[in-house]
Amino acid sequence: MEFETVILGAGAAGLMCAAHAGPNVLLIDHARAPGEKIRISGGGRCNFTNLHAGPGNFLSRNPHFAKSALARYTQWDFLDLVQRHDIAWHEKTLGQLFCDGSARQIIAMLMAELDRAGATLWLQTALRDLRKTETGFALSLDREGTRREVGCKTLVLATGGKSIPKMGATGLAYDIAAQFDLPVTETRPALVPLTFPDGRFSDLSGVSLAARLSNQHASFDEALLFTHRGLSGPAVLQLSSYWREGEDITVNLAPDLALRDILRNQRQREGRRQLGTELSRHLPARLVQHLSTRLNLSERLADQSDKALDALVAALSDWRLTPGGSEGYRTAEVTLGGIDTAALSSKTMQAQSVPGLYAIGEAVDVTGWLGGYNFQWAWSSGHAAGTAIATHR
Ligand code: FDA
């Protein structure tokens, strides 16, 4: 069978691309259903974009690469699409937009756009072999146990990254990139909880608070969650994208409190109060208990010198930790790194050295922050490739 365009991967980017790539498009996925990560995203409500999305919210070897696609299909364009499909939404926090109802509405919307464009979707279809031909590409497919030979002029890699193999994530896009001599930057799990093999926070499991997590590369003010294995929550997931094995992170447990002034004032007013009792008014009690022995929190406020109080504030606002590792691809929301942007056109997502081959979405070395940015990259890059394919056919 001959198609103009074959798109590998019916996830966020592939669905968006298929809706814009013009006629005679085949979209292939080995999963039973399209957009599985959309379905489970945002706790089932899909954080589908972010009002503040801009190039500064993305990591890539070339920080300028994402600019063009993000500018040509913005968060406002996607929001407009959502509204045209009568999907109710709300802003949760920090510009993050979620469905009021279900993430399935976003999948249904993209499927409706796919149908409108007349694209064909083959699910439970695996790629067995791929060759370059004079006019394009030849694919050997296994569709529900039946061998299918398919030819196309244009091939789009939209199979995402390696995160959550249980959900069908594979490194197929990287393998195909290697087959066509496209460089792939180092890939690693990102937006992932950090672990401490000694289980030092297991007594704190479930405790959360607003904190500032930082290292020499970045700083995030968001929620921090202690788990049996270590640290999680938005602030940790964000910083994990900027962390490497062996590096320290710094936790500020009270970024919004003038703790120094509070403790000095309370020393005057409530001098007989224990440090731990006072701190429990501002921080979770279990956390204060956990820190109690190390920081001598059973001592009375009145017995503290200015220097001692300053040292305590420093210990709480500059808590240095060295994570042992991360939870890895098993729970990582995304894969950092991917097909090197140096090999792609930032306008069309087409490979510079292989005419007709495109790469979009998470497969590419563009990784967003937590908060709807990764879907926005999927929509923007999918749209960039789709419109380029439709225009140049
Ligand atoms: P995506 O992974 O969506 O799609 C790839 C498709 O290719 C899949 O359908 C897969 O089955 C298919 N495929 C893979 N290998 C294949 C093979 N060998 N053969 C055939 N098909 C193959 N982002 C965000 O912005 N807001 C959010 O709320 C969330 N929430 C979230 C929760 C969880 C639990 C995860 C794991 C991730 C998120 N994300 C997110 C990240 C977001 O889901 C992700 O960045 C996008 O889905 C990437 O879109 P892609 O289309 O590039 O890949």
Selected residue [exposed (fewer than 15 other Cβ atoms within 10 Å of the Cβ), closer than 19 Å to residue 364 by Cα and not hydrophobic (A, V, I, L, M, F, W, C)] from 64, 90: 64
Residues satisfying the stated conditions in the range 164-214, i.e. under 30 Å from residue 11 (Cα atoms), among the acidic types (Asp, Glu) and either over 19 Å from the mean Cα position of the chain (by Cα) or modelled with pLDDT under 95 (or both): 175, 181
Tally of residues being in contact with a Ser or Thr (Cβ under 7 Å, 6 or more places away or on another chain) and buried (at least 20 other Cβ atoms within 10 Å of the Cβ) across the range 158-171: 5
Scan of the range 283-332 for residues that are modelled with pLDDT of 95 or more, of a type in the set (Val, Ile, Thr) and not in a helix (DSSP H, G or I), ordered by number: 322, 331
Output for the range 221-232, where each listed residue is more than 16 Å from the ligand (Cβ to nearest atom) and within 16 Å of residue 319 (Cα to Cα): 221, 224, 226, 230, 231
Some residue of the range 337-353 being crowded, with 24+ Cβ neighbours inside 10 Å, within 8 Å of the ligand (Cβ to nearest atom) and either outside the structural domain of residue 43 (by TED's automatic domain parsing) or under 30 Å from residue 233 (Cα atoms) (or both): no
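For every residue, the table says whether it meets (1) out of contact with any helix residue (DSSP H, G or I) (no Cβ under 8 Å at 6 or more places or on another chain); (2) not hydroxyl-bearing (Ser, Thr, Tyr).
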site: 79; (1), (2): yes, yes
site: 84; (1), (2): yes, yes
site: 92; (1), (2): yes, yes
site: 102; (1), (2): no, no
site: 106; (1), (2): no, yes
site: 109; (1), (2): no, yes
site: 113; (1), (2): no, yes
site: 120; (1), (2): yes, no
site: 126; (1), (2): yes, yes
Those strands (runs of 3 or more DSSP E) lying entirely in the range 215-270 with at least 3 residues at pLDDT below 95: none
Enumeration of residues in the range 136-162 that are at pLDDT 95 or above and over 17 Å from residue 26 (Cα atoms): 160, 161, 162
Residues within the range 160-194 that are in a loop (DSSP other than H, G, I, E, B) and either more than 15 Å from the ligand (Cβ to nearest atom) or in contact with a Phe, Trp or Tyr (Cβ under 9 Å, 6 or more places away or on another chain) (or both), tallied: 14
Restricting the range 142-159 to residues that are under 23 Å from residue 20 (Cβ atoms) and more than 27 Å from the chain's Cα centre (by Cα), the residue that is farthest from the ligand (Cβ to nearest atom): 153
For residue 71: the one exception among (1) aliphatic (A, V, I, L, M); (2) within 18 Å of the chain's Cα centre (by Cα); (3) surrounded by fewer than 14 Cβ atoms within 10 Å (Cβ to Cβ): (2)
Residue match in the range 277-285 (condition: under 28 Å from residue 94 (Cβ atoms) and crowded, with 18+ Cβ neighbours inside 10 Å): yes
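Quick grid of which residues meet (1) in contact with a Cys (Cβ under 9 Å, 6 or more places away or on another chain); (2) under 22 Å from residue 158 (Cα atoms); (3) in a loop (DSSP other than H, G, I, E, B):
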residue	(1), (2), (3)
52	no, no, yes
65	no, yes, yes
70	no, yes, no
77	no, yes, no
87	yes, no, yes
112	no, yes, no
Scan of the range 83-99 for residues that are in contact (Cβ under 8 Å) with a residue 40 or more places away in the chain and either within 12 Å of residue 42 (Cβ to Cβ) or over 22 Å from the mean Cα position of the chain (by Cα) (or both), ordered by number: 89, 92, 96, 97, 98, 99
Exclusive hit being near the ligand (Cβ under 8 Å from one of its atoms), out of contact with any strand residue (DSSP E or B) (no Cβ under 7 Å at 6 or more places or on another chain), at pLDDT 95 or above and assigned by TED's automatic domain parsing to the domain that holds residue 177, set 368, 361: 361
Output for the range 14-50, where each listed residue is on the phi < 0 side of the Ramachandran plot, part of a loop (DSSP other than H, G, I, E, B), within 7 Å of the ligand (Cβ to nearest atom) and not small (Gly, Ala, Ser): 29, 30, 34
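The values are calculated or read from the model by the stated rules, or taken from the named source; none is laboratory data. What you see is a predicted model, and the numbers here were worked out from it, not measured in a lab. Every residue, glycine as well, gets a Cβ built from its backbone with ideal geometry; the counts of neighbours run over all protein chains shown.
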